[in-house]
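All of the numbers you see were taken from the coordinates with simple rules; none came from a lab. These numbers were taken from a predicted model, which means no experiment stands behind them. No Cβ is skipped: glycine too gets one built from the backbone with ideal geometry, and neighbour counts run over all protein chains shown.
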Amino acid sequence: MDKTVAVKWMTLFNQKVQEEKDYLSELDGPIGDGDHGANLARGMAAALEALNSTEPQSAAEVFKAVSMALISKVGGASGPLYGSAFMG
């Protein structure tokens, strides 16, 4: 995968998260504190901001930037879980 495809994938993923953040929080309510959608939306917004400000040179750099943003901005266990997934 080249960096262009990786950036497009993250951009589309961010759009979907932003569109569905209320639904994701609703799903989280019965078993958590109901903030998963808001947290993930905040993390993905930070990830896209990082991509726009750093101009990664490879797909690996794209996923590293996304990973670091999610780890630092998404609370609870989700930040490290999503961050680790994108780092892997």
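Listed by Cβ neighbour count within 10 Å, with the fewest neighbours leading, Val5, Val62 appear as Val5, Val62. Take the Cα of Lys16, step 7 Å toward its Cβ, do the same at Ser72, and the gap between the two points is 2.6 nm.
With both labels modelled 7 Å from their Cα along Cα-to-Cβ, the Leu27 to Ala60 distance reads 3.2 nm.
Shown here: the chain, whose C-alpha atoms stretch 41, 22, 21 Å along the first, second and third principal axes, sorted largest to smallest. Extension gain, Asn52 to Trp9: 0.36 nm times the residue separation minus the Cα-Cα distance gives 14.1 nm.
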